[in-house]
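Taking it in order: structure first as structure tokens, then the write-up.
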Amino acid sequence: MTSTSEVTGAGAAASAPAAAWRRAILRSPTLEREVALVLALAVTILIFANASPHFLTAGNAVQILRVSVDLAVISAGMTLLIIMGGIDVGVGGILAVSAIFIGRAYQIDLPVPLVVLIGLSAGALLGAVNGLLCARLRIPPIIATLGTMYIWLAVLFLVIGGQWIAGLPRTLGPLVNGSVFGVPAPLVVVAVVYGGCAILLYGLPFGRHIYAIGCNETAARLAGIDVVRVKVTTYALLGGLAGFAALLYVTRLRNVEINIGTNLALEAIAATILGGASIRGGVGSLLGTLLGVFFIKVIQNGLVLAGVSSLWERVIIGSVLLLVLVVEAVRARRGRSRGAPG
Amino acid sequence: MTSAFAYPLPRSMVRSPLALRVLCLAVLLASILAIMPFVSPFFYQASTLPFLLKYVPVLGLLGMGQALVMIAGGPGIDLSSGAILSLVGLAIAALVAGGTPVPLACLAGLLLGAGLGAVNGTLIAFLGIPSLMATLATLFVFGGLAVAITGGVPLTGLPASFGWLGQATWAGIPVSLIVVLLPVAVLLHVMLTRTTIGSHMIAAGNDEAAARLLGVQVDRLRFALYVLNGTLAALGAIILLSWLLAARPDAGMGFELLAITIAVLGGTHIFGGEGGIPGTILAILIITVLQVGLQLANISPAWQLGIVGLLLLGGVGLNTALEQWRSRSRS
């Protein structure tokens with residue numbers, strides 16, 4: 001790879017890792033969004049705490065963490081992908097197919113490490129297929145991932161038909177239900193995944209290549225970045241994370257059912273955008289995404305505890321998303337000099 | 001597939017990617033129709049025809065709306081059209097249940113569809129929010145509202161006379177296809193190919209900056225197209241309502257993805273500037289023929305999903321291949 005110092009773009013200009021970190025944290029274009037999300041999360045928690053005495057308890061906090069972990073893991077990969085200017089609307093299908101592989105592997109009594117390996121590599125492989133379709137065949141990401149989603153869903157239907165794969169063992173249970181030195185395991189899992197992605201994104205040349213492609217793909221190519229390789233790797237990374245999420249899902253619920261993974265992609269995209277990423281690429285924040293995930297899951301959990309029909313959850317998430325987008329658009333309009341191209 | 005056509009094609013067709021596209025789709029449809037009797041002996045029975053064409057109007061309206069939104073560029077996409085369909089269906093059913101005369105309720109439904117489309121249009125064309133993000137948010141809001149207001153329970157109690165539009169057939173062809181889809185398709189085709197609006201749409205999709213410099217009101221145009229798409233979704237809601245005589249809160253769920261599939265398969269470029277109504281109609285026919293044929297042959301519905309996926313990827317792959325082939329044959 002060529003020296004990356006020649007690659008310049010928003011949030012990707014610094015050459016020394018330390019400077020990159022400082023820039024990422026202090027001069028992040030998404031800092032404001034993160035602060036706003038923390039405030040919004042705090043207000044939401046206050047409202048729900050008033051509405052239900054069961055909301056603000058340690059047990060419920062751990063419960064929220066447990067059900068957030070699969071979405072959180074996938075959203076981390078989605079953030080990298082959206083920063084790169086890509087998108088995956090079919091990640092739920094990848095999770096579903098990985099879950100089938102995991103379920104079948106459990107059923108034929110493979111050792112646990114092998115099950116984990118199968119789940120992760122199945123996801124990564126399916127993700128890489130998306131990456132190849134987008135990067136090599138130049139199919140727009142939304143179309144490519146939509147097309148593969150239909151195919152993976154067909155696989156799901158054909159393999160498990162009307163039946164569930166049920167009664168799977170809880171050998172990986174500690175990953176979701178356990179704790180490490182008193183810290184709930186889901187929190188550790190989320191910290192490891194987000195920490196890893198943060199190192200990848202802010203600490204390694206690979207992360208700067210992602211930003212560079214998201215800002216200007218042609219310029220990135222001319223600067224000597226192997227665009228195809230970076231794209232395929234990023235799609236495969238999201239796929240691998242979806243495989244990991246499938247492991248967590250199977251561990252948590254101990255079955256694979258036919259509607260596994262529906263809505264997952266849209267929720268992950270919503271969390272990522274809520275967290276400050278732009279679908280146009282080049283902008284995004286892992287911390288913001290994580291806050292977005294918690295925001296979605298806190299609303300889902302709080303509505304149930306407050307006795308409001310959980311059917312309102314999508315309306316609330318959509319409205320907040322809309323509010324965020326409109327505020328940002330209005331501010332961008334005001335900030336831009338008249339007549340400048342958008 | 002493309003190289004076989006290399007010589008017999010007139011040069012004008014090589015120059016016009018859309019005509020070539022329509023030809024490819026027609027050949028594909030013909031070959032599927034030729035294969036179908038081997039898949040299911042029941043396919044060429046007279047009773048199959050109304051069954052086959054029943055799905056076409058609703059999907060057709062959504063697919064054409066999606067195609068128009070895409071053609072005008074931006075890039076344009078509407079993920080919320082299925083949710084608009086659900087919400088409008090519920091609104092009409094609720095109005096009729098409340099004593100409003102059916103025609104008035106349908107008119108209100110069309111206005112609601114246009115209004116919801118106008119929300120999308122405002123967000124995208126006037127506020128400059130990327131269409132994918134804006135309509136993802138409105139998909140959540142509209143679709144969520146449809147489910148939340150009703151508590152997930154379908155609304156029924158529509159008069160049986162209302163079923164005429166969606167259920168009756170003339171000579172085996174559904175009334176809704178003749179009365180609604182065909183006129184709308186012709187109208188939209190004329191609009192796209194014979195009017196300034198159409199050339200402005202294609203100009204805006206091809207090169208937005210140039211279109212603006214030429215005085216095309218790109219923002220207003222795109223706004224109007226989202227309103228149109230909302231109205232078409234509302235029209236689809238009326239047909240679906242009349243067909244089922246019940247409004248399900250999740251009636252349009254997943255339709256947006258099918259609509260996108262149809263538009264793209266029909267030759268509409270996802271980044272705009274290219275596309276047409278004939279290709280879209282052929283794409284709808286291909287998808288419904290496949291679905292019905294596989295159903296008749298008692299093949300798992302899963303294969304339908306898989307084939308739709310393959311067609312989508314194949315369709316776009318074909319586009320890319322055609323583009324490369326044309327640029328080669330030009331030089």
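The values are calculated or read from the model by the stated rules, or taken from the named source; none is laboratory data. These numbers come from a predicted model, not from an experiment. Here Cβ is always computed from backbone atoms with ideal geometry, including for glycine, and neighbour counts include all displayed protein chains. The protein model used for the area step is the full one, side chains on, heavy atoms only, and it has no ligands, DNA or RNA in it. Shrake-Rupley method; radii C 1.70, N 1.55, O 1.52, S 1.80 Å.
For A:L81, are the conditions met, namely being in contact (Cβ under 8 Å) with a residue 12 or more places away in the chain, under 28 Å from B:L139 (Cα atoms) and open to solvent by less than 20 Å² (accessible area, probe 1.4 Å)? Yes, satisfied. The residues on offer are A:I296, A:I269, A:I316, and the sole one that is within 11 Å of chain B (Cβ to nearest Cβ), open to solvent by less than 10 Å² (accessible area, probe 1.4 Å), modelled with pLDDT of 80 or more and within 23 Å of A:N60 (Cα to Cα) is A:I296. Of the residues making up the range A:245-265, those that are at pLDDT 85 or above and either within 12 Å of another protein chain (Cβ to nearest Cβ) or touching an Asp or Glu at 6+ places or on another chain (Cβ under 7 Å) (or both) are A:A245, A:L248, A:Y249, A:A265.
Within the range B:261-281, being within 11 Å of chain A (Cβ to nearest Cβ) and either modelled with pLDDT of 90 or more or surrounded by fewer than 24 Cβ atoms within 10 Å (Cβ to Cβ) (or both) holds for B:A263, B:H269, B:I270, B:F271.
Inside the range B:293-326, residues that are within 9 Å of chain A (Cβ to nearest Cβ) and outside any helix (DSSP H, G or I) make up a count of 1. Of all positions in the range B:243-256, none carries a residue that is in contact with a helix residue (DSSP H, G or I) (Cβ under 6 Å, 6 or more places away or on another chain), at pLDDT 90 or above and open to solvent by 40 Å² or more (accessible area, probe 1.4 Å). When B:L285, B:L290 are screened for being within 24 Å of B:I178 (Cβ to Cβ), open to solvent by 40 Å² or more (accessible area, probe 1.4 Å) and in a helix (DSSP H, G or I), only B:L285 passes. Reported count of residues in the range B:106-137, each being open to solvent by less than 20 Å² (accessible area, probe 1.4 Å), more than 17 Å from B:V218 (Cβ to Cβ) and facing chain A (nearest Cβ under 7 Å), is 3. Look at the range A:115-129: where a residue is under 14 Å from A:T233 (Cβ atoms), no partner that is modelled with pLDDT under 95 and open to solvent by 60 Å² or more (accessible area, probe 1.4 Å) sits 6+ places away or on another chain with Cβ atoms under 8 Å.
When A:P29, A:P53, A:P113 are checked against the criterion of being closer than 15 Å to A:G275 by Cα and open to solvent by 10 Å² or more (accessible area, probe 1.4 Å), a single residue qualifies: A:P29.
The criterion of being surrounded by fewer than 24 Cβ atoms within 10 Å (Cβ to Cβ) and modelled with pLDDT of 90 or more holds for B:R220. Scanning the range B:140-154 for residues that are in a helix (DSSP H, G or I) and either open to solvent by 20 Å² or more (accessible area, probe 1.4 Å) or within 7 Å of another protein chain (Cβ to nearest Cβ) (or both) yields a count of 9.
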